[in-house]
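Working notes, beginning with the structure itself.
The values are calculated or read from the model by the stated rules, or taken from the named source; none is laboratory data. Since the structure is predicted, the reported quantities are computational estimates derived from the model, not experimental observations. Here the Cβ positions follow ideal geometry from the backbone for every residue, glycine too, while neighbour counts run over all protein chains shown.
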Amino acid sequence: MTDGGTGELCIREFVPLRNYTTLGVGGPARYFVCVTAVDQLPAALDEALRRSLPVLILGGGSNLVVSDRGFPGFVVQIGLRGIETSGPGLVTAAAGEEWDRLVAWSVERGLAGIENLSGIPGSVGGTPIQNVGAYGQEVSETIESVRAFDRSAGCIRDVPARDCGFGYRASRFNTADRDRFVVLGVTFQLREDGRVNITYPDLASRFPAGTMPCVDEVRRAVMEIRAAKAMLLDPAVPDSRSAGSFFRNPVLSLESFAELENRAASTGRLEPGEVIPRYPADGGRLKVPAAWLIERAGFRKGQRQGRVGISNRHTLALVNLGGATSDEIIAMMKQIQTGVELIFGLRLQPEPVFVGF
Ligand code: EPU
């Protein structure tokens, strides 16, 4: 992996961040440096400290909403690359490696465990932070350990998965220890037997019952599903200019879910005989699709407000229709939150990270 000697840091100024996010929104970074070797990182962090500036660690920018006013601090882009094996199914990827390149690399070698996460934009380093998940798989199921620079101790640590505090779209890295660690690399324990999990309804319906597809077939199916929902980055598909899911799916206790059912029924939001879609979640709770709540609160796919819209293909994605401002994104986010809360009494929580607000 590219963690060789320290090179000279190349610090740039007033770099437009919109070019580094999939949503394509955001003003300039006061300072911007790309770290391509591990031992450049402490030097970059020291530079920020010397100027008493806040630091933003930038990965693939696929889960970021950056303010039009930009970030008045020090952006450190993680440009570490490389994929290595160190034992049967044991794969380590550097944080700056493109996530989907790692998935393709693993699938090519018949290794199972991350194929359902095909086509997700962003870099490897971002995946443990929000415990990326899709189609019935989460990275926490295969992560063995996370190598990170501990900013409070000034040293590199290997954090085993059991100490990462993984939950739905959560880990210690975005909760209790937010901003403490900079992820440098992730080690995955993948399965050499190639056994796949296709229980997620969208995926199961692609294969005849009782068949066991290979990892490559599952990857191809996931890519097709994501393409149909404009969840694959493609400059030719305007609906893909988004930060992916803009809201988390609410996870409710059985009691809160019963309340939600009552509200849905009493406000006439259910078709005759219809039940609210739900998925099992940790602790006997239920996960409810935010997209369903948004639609039943009266919003629709393709709805526009200025230069921002709800994706034509998936209600959970807000799309930059061209030249959108961050204020327009926030205005639409709030409108959706208020609309859903008014009907269902639930406040949807945004999923992306907000910078410079
Ligand atoms: N639905 C709608 N309208 C839509 C889309 C979905 O009502 O336009 C409802 C339907 O009831 C559908 C259900 O939502 O059955 C689930 O839809 P989908 O399978 O597309 O998944 P999701 O819950 O909307 C989550 C993740 C996605 C991930 C998919 C697939 C979150 C916040 N989002 O979305 O992750 O790709 O499952 O597993 O958990 C992301 O985090 O950025 C992301 C794209």
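All but one of (1) in contact (Cβ under 8 Å) with a residue 40 or more places away in the chain; (2) more than 10 Å from the ligand (Cβ to nearest atom) hold for residue 229; state the number of the condition that does not hold.
It fails just one condition, (2).
If a residue must be among the hydroxyl-bearing types (Ser, Thr, Tyr) and in a loop (DSSP other than H, G, I, E, B), how many such residues does region 205-255 contain?
Number satisfying all stated conditions: 4.
Let me spell it out: the conditions are (1) surrounded by 15 or more Cβ atoms within 10 Å (Cβ to Cβ); (2) modelled with pLDDT of 95 or more; (3) of a type outside the set (Ser, Thr, Tyr), and residue 255 meets all of them except one. Which number is the exception?
(1)
What's the number of the only condition in (1) under 24 Å from residue 329 (Cα atoms); (2) of a type outside the set (A, V, I, L, M); (3) under 15 Å from the mean Cα position of the chain (by Cα) that residue 68 fails to meet?
Answer for residue 68: the failing condition is (3).
For region 170-192, indicate whether the set of residues that are assigned to a loop (DSSP other than H, G, I, E, B), without any contact (Cβ under 8 Å) to a residue 24 or more places away in the chain, of a type in the set (Asp, Glu) and away from the ligand (no atom under 16 Å from the Cβ) is non-empty.
Taking every residue of region 170-192 in turn, at least one turns out to be assigned to a loop (DSSP other than H, G, I, E, B), without any contact (Cβ under 8 Å) to a residue 24 or more places away in the chain, of a type in the set (Asp, Glu) and away from the ligand (no atom under 16 Å from the Cβ).
Could you list, in sequence order, the residues of region 264-288 that are surrounded by 14 or more Cβ atoms within 10 Å (Cβ to Cβ) and part of a helix (DSSP H, G or I)?
264
I'm checking my understanding of the structure. Among residues of region 77-93 that are part of a strand (DSSP E or B) and touching an Asp or Glu at 6+ places or on another chain (Cβ under 9 Å), which one is surrounded by the fewest Cβ atoms within 10 Å (Cβ to Cβ)?
My answer is 90.
Anything in region 22-42 that is surrounded by 23 or more Cβ atoms within 10 Å (Cβ to Cβ), among the aliphatic types (A, V, I, L, M) and assigned to a loop (DSSP other than H, G, I, E, B)? List them, or say none.
Result: 23, 25.
Please count how many residues of region 296-320 are under 26 Å from residue 356 (Cα atoms), surrounded by fewer than 17 Cβ atoms within 10 Å (Cβ to Cβ) and touching a Gly at 6+ places or on another chain (Cβ under 9 Å).
Adding up the residues that qualify gives 1.
Mind counting the residues in region 299-328 that are away from the ligand (no atom under 15 Å from the Cβ), among the β-branched types (Val, Ile, Thr) and not in a strand (DSSP E or B)?
Residues that pass the stated criteria total 1.
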